[in-house]
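Structure record follows, encoded as structure tokens.
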Amino acid sequence: MSLSLATLAAIVAMMLATYACRAGGYLLFTRIRPTPFLRSVLSYVPGAIFMSYVAPELARGGLSPWVGAAVTVGVMATTRSLVAGIFLGTAATWAVWLLR
């Protein structure tokens, strides 16, 4: 398998676009101080992004994603650990998927 020039150019372009978005955000917030309201709003962005990945799969239905979501919510409610919730929810989803 070989890597074409067009594929390499696309990968580099995506890398630069991702870096520009991240660097732009850091640069912006070194220049301005967000208000308490803006800080509050921005604190919900990671959860909203995560839900944008999860919601379509739940809407599609099936046992695996619903078991994974239930385990994730249960683990996060008891441990208050985002990492543990995501890890164990993903493991539960895979376990149900493999056992079917």
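The values are calculated or read from the model by the stated rules, or taken from the named source; none is laboratory data. Just so it is clear, the model here is predicted, and its values are computed rather than measured. Cβ coordinates were reconstructed from backbone atoms using ideal geometry, including for glycine residues, and neighbour counts include every protein chain displayed.
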message: Here is a check on your reading of the model: is PRO46 under 29 Å from ILE86 (Cα atoms) and either assigned by TED's automatic domain parsing to the domain that holds VAL83 or at pLDDT 85 or above (or both)?
response: yes
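Just to be sure before I move on: is VAL75 part of a helix (DSSP H, G or I), in contact with a Gly (Cβ under 8 Å, 6 or more places away or on another chain), of a type in the set (A, V, I, L, M) and touching a residue at least 12 places away in the same chain (Cβ under 8 Å) in the structure I sent?
Judged against the criteria, VAL75 is a match.
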- line: Note on LEU88: of the conditions (1) modelled with pLDDT under 95; (2) surrounded by 10 or more Cβ atoms within 10 Å (Cβ to Cβ); (3) of a type outside the set (D, E, K, R), unmet is (1)
task: Go through SER81, SER2, SER64 for me and flag whichever is surrounded by 11 or more Cβ atoms within 10 Å (Cβ to Cβ) and either modelled with pLDDT under 90 or within 17 Å of the chain's Cα centre (by Cα) (or both).
output: SER81
